[in-house]
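One structure coming up, written as structure tokens, with questions to follow.
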Amino acid sequence: MAINTLSASSRVLHERNLLALSYMNPSPRYGADGSIDYANFFSRSCVAQGSYHRLRRGGVDVAVLGFGLNDPDRYPGREGVARIVQDLSAFHHAVREHSSLAGIARSAADVRKLRRAGKMAFVLALTGVYLDGALEMLDGYAELGVRMAHPPFDTRAGRSILAWKGTRGLTAFDRRVLQRMEQLGMAIDLSHASDRMVGETLKMTSGPVLVSHGMCRALSPTKRNLTDNQIRAIAGTGGVIGVHFAGQLIDPEYGRRLDASGFREELARWVEGLKRKYPDPADFARKRYNVQRWERSRAYALYQSVPPPDIG
């Protein structure tokens, strides 16, 4: 909903208070040479949901931006670390080029300073912690402005970012990562964590723990959502939970309709076809995340054929 469609009283509330989006993935352009470019993120013509001008039009003051590997199997070990550093560096470059509009916040004081200047504040986060066993890389990510991270905390184990689907808990290395995150002032985000991982993390951490994008399992019974006890425990640490707007997390019937449409199978076929046709990771990323190509696919047509949940 654009801010200009709000009622007068809602608009006043919206404008007087700081509005933070607790998690989103910014959309870059991938070059055939392996480059990453975020200039389009700041373009008024950008069609991606996550773009500066769309966020600004919605009244967002602070956006937490998640950086990770969509296809981690294509960037194993140190290649994954290098790709994440490249991705973060590319975003830093874009922000410097548009410094009149926004800045990267490393603290609450930075957020307040940017807001006073009429700029949007970006908080950088990791979607999976890529270290290749080198714990000291966390310090490097911190120097690049990273202030939050969510599972998997130990990517050497080859674990999916969809940790919530399994039953694994924390590894010994996970625990070292979490301890170092707390020392560096990085927020621990339990989005995508398994139930066991949530419980074990809450037992070992001393500060606030958050879930940047999640929902209530009592309303939509998927393990991706949180139980009432988990919600209470996270609140007990002084943490917060960002409400996720993904249809299948809000309305279980929507997820079932999506399954019945054949969308998931078609999406998997489409992605596997691209992987076979474009074995080079850079080529694959350029084709896979091209909006025009995606909108011409049968998977997209099936996705669009399923009416989204009515949250009214």
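Can you run down the residue pairs with Cβ atoms below 9 Å, 6 or more apart or on separate chains, where the first is in region 139-157 and assigned by TED's automatic domain parsing to the domain that holds residue 107 and at negative phi and the partner is among the basic types (Lys, Arg) and in a strand (DSSP E or B)?
Filtered contacts from region 139-157: no entries.
Still on this model: Looking at region 276-292 only, could you name the residues that are charged (D, E, K, R) and either without any contact (Cβ under 8 Å) to a residue 60 or more places away in the chain or in the same structural domain as residue 30 (by TED's automatic domain parsing) (or both)?
If we filter region 276-292 for residues that are charged (D, E, K, R), which is where we start, we get 276-277, 280, 283, 286-288.
If the condition is that a residue be charged (D, E, K, R) and either without any contact (Cβ under 8 Å) to a residue 60 or more places away in the chain or in the same structural domain as residue 30 (by TED's automatic domain parsing) (or both), then 276, 277, 280, 287 are the ones that fit.
Since residue 90 meets every condition but one in (1) small (Gly, Ala, Ser); (2) loosely packed, with under 15 Cβ neighbours inside 10 Å; (3) in a helix (DSSP H, G or I), which condition does it not meet?
Only one criterion is unmet by residue 90, namely (2).
Right, here's the next one. Among the residues of region 23-60 satisfying the criterion of being in a loop (DSSP other than H, G, I, E, B) and crowded, with 20+ Cβ neighbours inside 10 Å, which is modelled with the lowest pLDDT? Break it down into steps so the answer makes sense when it comes.
The first filter runs over region 23-60 and keeps only residues in a loop (DSSP other than H, G, I, E, B), leaving 25-28, 31-35, 38, 43-51, 58-60.
Still in the list and also crowded, with 20+ Cβ neighbours inside 10 Å: 26, 28, 38, 51.
Working: 26: 90, 28: 90, 38: 94, 51: 87.
It comes out as 51.
A further question follows. Tell me, please, whether a residue that is assigned by TED's automatic domain parsing to the domain that holds residue 64, under 24 Å from residue 154 (Cβ atoms) and over 22 Å from the mean Cα position of the chain (by Cα) can be found in region 216-228.
There is no residue in region 216-228 that is assigned by TED's automatic domain parsing to the domain that holds residue 64, under 24 Å from residue 154 (Cβ atoms) and over 22 Å from the mean Cα position of the chain (by Cα).
Looking at (1) in the same structural domain as residue 138 (by TED's automatic domain parsing); (2) on the phi > 0 side of the Ramachandran plot, which one does residue 175 not meet, given that it meets all the others?
Result: residue 175 passes all but (2).
Please list, ordered by residue number, the helices (runs of 4 or more DSSP H) wholly in region 159-255 having 2 or more residues that are surrounded by fewer than 19 Cβ atoms within 10 Å (Cβ to Cβ) and either touching a residue at least 24 places away in the same chain (Cβ under 8 Å) or touching a Gly at 6+ places or on another chain (Cβ under 8 Å) (or both). Steps first, answer last, please.
Details: elements: 172-184, 195-204, 228-236, 247-250.
Correct list: 172-184, 195-204.
The values are calculated or read from the model by the stated rules, or taken from the named source; none is laboratory data. What you see is a predicted model; the values in this text were computed from it and never measured. Reconstructed Cβ throughout: ideal geometry from the backbone, glycine too, with neighbour counts over all protein chains shown.
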